[in-house]
Amino acid sequence: MTVGGHFLSRLVTMLVAVVALVMVGAVPAVAESNSRTVQYVALGDSYAAGQGGVVSVEDYLDPICLESPNGYPYLVDAEERIHLRTNVACTGATTSDVIREQLSALNRGTRLVTLTVGAADLGLSQVLTACTDPTPTTCQTEILRALNELSGLGASLTDLYSMVAAEAPNALIVVTGYPYLFDQPFNPSDCPTPSTIPPPPPSSPEEIMELVNCATFALNSTIYQAVLGAKRSGINIEYVDVTAAFSRHGIGSEDPYINDEGIGAYHPNAAGYVAYAKAISAQLPSAWLDKKKQSA
């Protein structure tokens with residue numbers, strides 16, 4: 001082979017190698033593009049399902065779990081990179097229900113988990129029934145019963161967070177609290193505890209609303225402490241306090257974010273779930289938060 005022939009042969013070989021390198025280098029770029037999607041799973045109770053987010057019963061996506069298209073999981077899904085793979089939350093779900101029936105939705109590809117649960121463990125629906133009855137003689141008893149169950153709830157939440165992390169080891173876990181239901185000022189330091197002498201039975205609507213808000217404060221405090229414990233153990237978990245987002249928007253306010261009647265009673269309305277979604281988004285990495293373009 002001539003010198004020129006050797007040169008052309010080497011040149012062709014180099015060009016083939018360069019083309020191959022470019023093609024091989026393009027593969028990770030495609031994979032990286034796909035990996036930008038944040039696979040999201042929503043777990044929890046009626047607040048996570050979206051109960052109260054629609055006006056008509058027929059508008060629920062699931063008439064059993066009362067899953068609403070206006071619930072916060074679907075609003076978080078509106079972020080550009082976040083894909084809600086499934087919302088398995090269900091009204092009435094306790095921490096045990098989440099463990100038995102919902103954790104199977106998680107896997108190693110899950111990168112975001114939201115979780116609202118705890119109220120059903122304390123039977124807060126029983127508290128609300130007792131405290132909003134025309135003659136709420138058992139309101140105080142029901143609240144103190146719920147408060148006595150907080151220590152057990154704390155242990156259950158600790159176990160649950162560990163199990164979520166085990167099933168979705170690559171996920172950020174975002175745990176939310178609950179809003180104060182009533183637009184009624186109260187001082188948490190004045191709230192009853194199981195170790196204090198019970199106050200006289202509530203005698204006015206204002207006192208009843210204060211006691212219900214106190215129960216919510218105690219529940220949120222328990223959830224927050226469980227999240228802190230999980231975080232100290234190395235779990236990638238954050239707590240979202242929604243009480244500020246609902247301030248001046250409780251039942252009795254001029255612009256309530258919470259329903260006061262119907263199947264969605266004592267749950268957020270559509271505006272309330274927008275407030276939930278905004279509070280959750282504030283805890284997410286900024287790179288996840290480019291909004292999808294709205295269709296005309």
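Inclusion of ILE173 among residues that are part of a helix (DSSP H, G or I), surrounded by 14 or more Cβ atoms within 10 Å (Cβ to Cβ) and touching a Leu at 6+ places or on another chain (Cβ under 8 Å) is not warranted.
For segment 156-198, what are the residues that are aliphatic (A, V, I, L, M), modelled with pLDDT of 95 or more and either at positive phi or out of contact with any strand residue (DSSP E or B) (no Cβ under 9 Å at 6 or more places or on another chain) (or both)? Within segment 156-198, MET163, ALA166 meet the criteria.
Yes/no per residue for (1) in contact with a helix residue (DSSP H, G or I) (Cβ under 7 Å, 6 or more places away or on another chain); (2) not hydroxyl-bearing (Ser, Thr, Tyr):
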{"residue": "PRO69", "(1), (2)": "no, yes"}
{"residue": "TYR74", "(1), (2)": "no, no"}
{"residue": "ASP77", "(1), (2)": "no, yes"}
{"residue": "ARG85", "(1), (2)": "no, yes"}
{"residue": "THR91", "(1), (2)": "yes, no"}
{"residue": "ASP97", "(1), (2)": "no, yes"}
{"residue": "GLY118", "(1), (2)": "yes, yes"}
{"residue": "ASP133", "(1), (2)": "no, yes"}
{"residue": "THR141", "(1), (2)": "no, no"}
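There is no residue in segment 99-112 that is closer than 25 Å to ASN213 by Cα and without any contact (Cβ under 8 Å) to a residue 24 or more places away in the chain. Just to be sure, is TYR72 over 15 Å from the mean Cα position of the chain (by Cα), crowded, with 21+ Cβ neighbours inside 10 Å and on the phi < 0 side of the Ramachandran plot? So TYR72 fails the test.
Going by the structure shown, is GLN126 under 14 Å from the mean Cα position of the chain (by Cα) and either among the aromatic types (Phe, Trp, Tyr) or closer than 23 Å to GLN51 by Cβ (or both)? So GLN126 does not fit the description; no. Mind telling me which of the residues CYS131, CYS65 ends up being surrounded by 19 or more Cβ atoms within 10 Å (Cβ to Cβ) and assigned to a loop (DSSP other than H, G, I, E, B)? Result: CYS65 is the single residue among CYS131, CYS65 that is surrounded by 19 or more Cβ atoms within 10 Å (Cβ to Cβ) and assigned to a loop (DSSP other than H, G, I, E, B).
The values are calculated or read from the model by the stated rules, or taken from the named source; none is laboratory data. Here the structure is a predicted model, which means the values were calculated and not measured. Positions of Cβ are generated from backbone atoms using ideal geometry, with glycine treated the same way; all protein chains shown enter the neighbour counts.
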